[in-house]
Structures are given as structure tokens and as C-alpha cells.
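The values are calculated or read from the model by the stated rules, or taken from the named source; none is laboratory data. The model shown is predicted, which means the values in this text are computed figures rather than measured ones. So basically every Cβ, Gly included, is an ideal-geometry build from the backbone, and we count neighbours across all protein chains shown.
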Amino acid sequence: MNGIGLISVNRQPAIASRFHTLVVQPTSFCNLDCTYCYLPDRRSIRLMSDAVARACAESIAQQNSSHPVSVVWHGGEPTATPTETFQRLLTPFEDLRRDGRLRHEIQTNGTLINQRWCDLLATHDFEIGISIDGPGTLNGNRLDRAGKATTARTMRGIQALVDNGLTYSVICVVTPETIDHADDLVEFFASLPGCESVGFNIEEQEGADRLPVSEEAAYWFWHQIVRYRLAGSPLRIRDVDRLADYLAATRAGLVDHVPYEPIPTVSHDGQVVLLSPELLGIKDPRYADFIAGNVLHEPVGDMLAHASELRYVTEFVTALNDCADRCDFYDFCRGAQAGNRYFEHGTFTPRETAYCRTTRQALICAAADHLTLQGGPS
């Protein structure tokens, strides 16, 4: 059969043989020093070469897929790349973009966005994601390298997008310091000009020495978020929308048990990790640093075809099938993310993670309690 060659309990490939998202790292450098950041190489000023960008485009071109690939420019901070360099990196993808075979996305802290960046993003029809955790002190974990607040700089970047008619979505990391401020967060994001939606990421355990968000606090956070949506808040909330889409598909009998979607991620020098972008740059000899290969020497599709040779992939598939067999939440969440399993447990074999409980299970329980008018933890 095509693909990884690992079979799930229902005799389907446990991991898809094609990718619909390709994360690319134009630079590992970031101009911020967020307190919860886990990236090991964020001080290293290294840029992706034109050759690596061409190889990424070739990997997409060789893939026989009816769905466009989302090329997600991540980091580090992608806008720390000089705009002239970034423009060169985009060139190999242009024919594919014009043919509708890919679309570009970027996730940025927004502090470096200026008119040149707005022109570039508009020309290549980027979907833009801004990382900001709320207003004022609620954004207090997002500091620069001098320990200074960055909210005003991000807001200037947002205003530049708005002035150029560009819309964006937001990713907000919800931390122990902000978990009790759901009302303030929703009101802030609802008031942001040009903001199309917000996704709330409960802070995950990914190497930073910080206390985790409790399951009870996560439940009440999602309880407030769902309450806002049921009350008619116009703000689109990614997490609630995903749950609503799942419930609608379930009622219509359209839930499809598709294989797990890999998220291959390419470093500035062409190294590729599979399953989870968070594994890029992490050193662990037990797992050969998670490297599946180098895109300069092998297309990403070929790496997926022999991914069963990678220890971390086989461990993850085993755990994923355990989820499918034993977890009541599996149909919605599709299994804990690979990175969360590793950072929480140092291995990929555990079935459940704190991420499962605070991000997926707590959301479902909060929504169910609203819908059944119980109004409290079940």
C-alpha cells in the first residue's frame, strides 16, 4: 500500500501518505523572548537558502493531490527575514500558487510589519496570523530581548495591515496568568479592526519552566468562551467553530475517519521533521533528533513513504491507535498531538496528555454542560 505502511485498528493507514500542510522556517531567529517560548535556536541568525525553498516547492509539485497545500511560514519570527530574501524564497512557489496548488500562510508576532511587508503579503495573497495574547498586561509574557513589553509594536503592525486592507486571524496563548480573563480577552479580540477570528491555545508544556494551567481553570475558561458564542458574539473563535463543525458533520452522518494528517516541517537548512513542528531543533539521540531527512536530498513525500523506519513515528502510531480504541473523545480530537506527548512525557507512547484534558476535553465538557443547562463541571 502507499504511504507509511503502518496500519491502524480499522485497517486504514494510521498516518496519511500525503501532506496538506508544509511548515517552512525561513529563519530560526526571533526578535522576541517570550517567557513561555521553547524554541532552542531563536537567537541564531540563519536564513533559508534559495535551494531549500526550491526543494520545498518541488516536493509539493511531485505530490499528486487534489487539495492545495498550505505553506505555513513560521519561525522563529518569519518577518525577521529581510523582505528581499523572503521574496526570493517565494519565487519557486509562484507557479504552483497561481495554479491553485498551494496557498501561503504566515504566523508572526507583528512587531516588524511595515509597508514593505504589507506589499509582499498582499502580492502573494497570504493568509496572515498574528500572535498576541491580549491587551496590556495580558500580553505580558511576550517580551523583547531587553525584557520590554511588545504590545504597542504588535498593535502598530496590526494597524499597518488594516491600513492596507489586509485581514488576519489571531493566535492567543492562554497562560496561568490570563486563564481567568476570558471576558477581557474576548472583548479585546472582538474590538480589533481586521481580526477575522481568534484561536486560543492553552499554554502547553514544551520545555519552559512554568506552572501548567489546571484542568479546572481550563474548563471554566472554555465555559466562558462558549457562553459568549451562544450569546451571539460576532467574534469567530477557532476552537468553538471546530467543535460546531464536528457536531454538524456528526448529525449529518458525514464524519469521516481519515488518517492522521502529518505536518512535515522544514528547517532553514532543509532538515525535515514529521508529525509536529515543535520537534524541529530538539536534540534527542534516542530519536535521532527527529530528523526524517533533508529536502535538498529527498522529497518530503518520499520521507513519508518510509517514515515507519523512524522510532518516534512508530511509537506515535501505536499510541494513536490506543486513543482510537479507548478514548471517548477521539472522534473529535483525533489523538493528542505528537509534540505534546513528547514534551510532557519524554516519549510518544502515552495515550493521554495535559493538552488533551485542557484543550480538547475541557472544551467539549464545557460545551456539553451549556447545551444541557447543567452549567458546571460534569
From the residues in region 19-58 that are over 21 Å from the mean Cα position of the chain (by Cα) and of a type in the set (G, A, S), which one is farthest from L296 (Cα to Cα)? S44
For R97, only one of the following conditions fails: (1) farther than 24 Å from C37 by Cβ; (2) exposed (fewer than 14 other Cβ atoms within 10 Å of the Cβ); (3) of a type outside the set (A, V, I, L, M). What is its number? (2)
Of the criteria (1) within 19 Å of the chain's Cα centre (by Cα); (2) within 22 Å of V186 (Cβ to Cβ), which one Q205 fails: (2)
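Quick grid of which residues meet (1) more than 18 Å from the chain's Cα centre (by Cα); (2) part of a loop (DSSP other than H, G, I, E, B); (3) without any contact (Cβ under 8 Å) to a residue 24 or more places away in the chain:
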residue: F332; (1), (2), (3): no, no, no
residue: G339; (1), (2), (3): no, no, no
residue: F343; (1), (2), (3): no, no, no
residue: P350; (1), (2), (3): yes, yes, no
residue: C365; (1), (2), (3): yes, no, no
Residues of region 253-300 classified as at pLDDT below 95, under 17 Å from G76 (Cβ atoms) and of a type in the set (D, E), total: 1
Only one residue in A160, A152, A217 is small (G, A, S) and farther than 30 Å from R116 by Cα, so which one is that? A217
Residues within region 69-102 that are in contact with a Lys or Arg (Cβ under 7 Å, 6 or more places away or on another chain) and over 16 Å from F126 (Cα atoms), tallied: 1
Please tell me if L143 is farther than 23 Å from E58 by Cα, at pLDDT below 95 and hydrophobic (A, V, I, L, M, F, W, C). yes
